[in-house]
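All of the numbers you see were taken from the coordinates with simple rules; none came from a lab. Predicted model, so just to flag it, every value in this text is computed and none were measured. Note: ideal-geometry Cβ built from the backbone for every residue, glycine included; neighbour counts use all protein chains shown.
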Amino acid sequence: MIGPSSSHTAGAAKIGLMARDIFGVQPKKVKIVFYGSFAKTYKGHGTDLAVVGGLLGYHADDQRIVDSINTAQKVGMTIDISTSDEETAHPNTVKIIMEHGDKTFEVVGVSPGGGKAELVEVNGFKVKAHADSNFLLVFHNDRKGVIATVAGLLASHDINIGTMEVDRKAKGAEALMLIQADQPVPKKISKALENLPHVTSVIVFNETIFDK
């Protein structure tokens, strides 16, 4: 990995790479907010370089990370980096807001150590999505039967659900299913899921993104 820290550098790069993969395209405009320990030491540990490197598609051991901010500027990515004194559940926390045209997406990630990374918030929904797992983000309208229909479709494709978390903005409003799967989920399945009633969008994340 690129040093000096497995949590502040390698883990941060993974958060950036997860964010890029979920966003689906290299963002044109990025706002990065560091909290806690990240906010205090990000310059010395290269956390800013690592997050931007991940957003460029670099892995944690990619030597290009050390020049990632310059590279981002060259490819037309606008970057706004700031810090916050707001209390967070984990000291190594970063918020990333990505824009490309009229598309905007926001994630909050944490780096618990040992080069690990996870997302704890997606577009305002509380989640717990690990980098070393396969998962689906199923955005939908809160209606009866939607969860059962999604689970049934996955079972029909031999996808076993390890865990499922559901969050909603309010009763009957926008909701999100985070589904951890026991095996990689082919992205073609997302199309079938998106065609289900009351499902608005589906994002597939497979841990194989970190394979070279």
Net charge over other residues, Cβ less than 11 angstrom from the Cβ of ASP167 (K, R count +1; D, E count -1): 0
Degrees, to the nearest 10: 36-45 long Cα axis against longest axis of the chain: 50 degrees
Charge sum, other residues only, whose C-beta stays under 10 Å from SER68's C-beta, Lys/Arg counted +1 and Asp/Glu -1: -2
For the stretch 65-212, the spread of Cα positions along each principal axis, largest first, Å: 46, 38, 32
In degrees, nearest ten, helix 11-23 long axis to first principal axis of the chain (Cα): 40 degrees
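Once you list every other residue whose beta carbon is under 13 Å from the beta carbon of GLY54, what net charge do they have if Lys and Arg are +1 and Asp and Glu are -1?
Around GLY54, the charge tally is -1.
Treating the beta-carbon of each Lys and Arg as +1 and of each Asp and Glu as -1, no other charges, what is the dipole magnitude of the stretch 6-130 about its Cα centre, to the nearest 20 debye?
For this selection, approximately 160 debye.
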Distance in nm between pseudo-label sites at SER156 and LYS40 (7 Å out along the Cβ direction from Cα): 5.3 nm
Computed label-point distance, nm, for sites ASN70 and SER84 using a 7 Å Cα→Cβ extension: 3.1 nm
On Cα atoms only, tilt of 146-156 relative to the major axis of the chain in degrees: 90 degrees
5 angstrom amide H check on SER111, placed H, neighbours 5+ away: ASN92
Residue among PRO27, PRO112, PRO197 with the largest mean-square fluctuation in a Gaussian network model of the chain, springs linking Cα atoms under 10 Å: PRO197
Length-normalised contact order of the stretch 134-210 in % [C-alpha pairs under 8 Å, at least 6 apart]: 46 percent
Highest-fluctuation residue, ALA13, ALA181, ALA173 considered, GNM on the chain with Cα pairs under 10 Å: ALA173
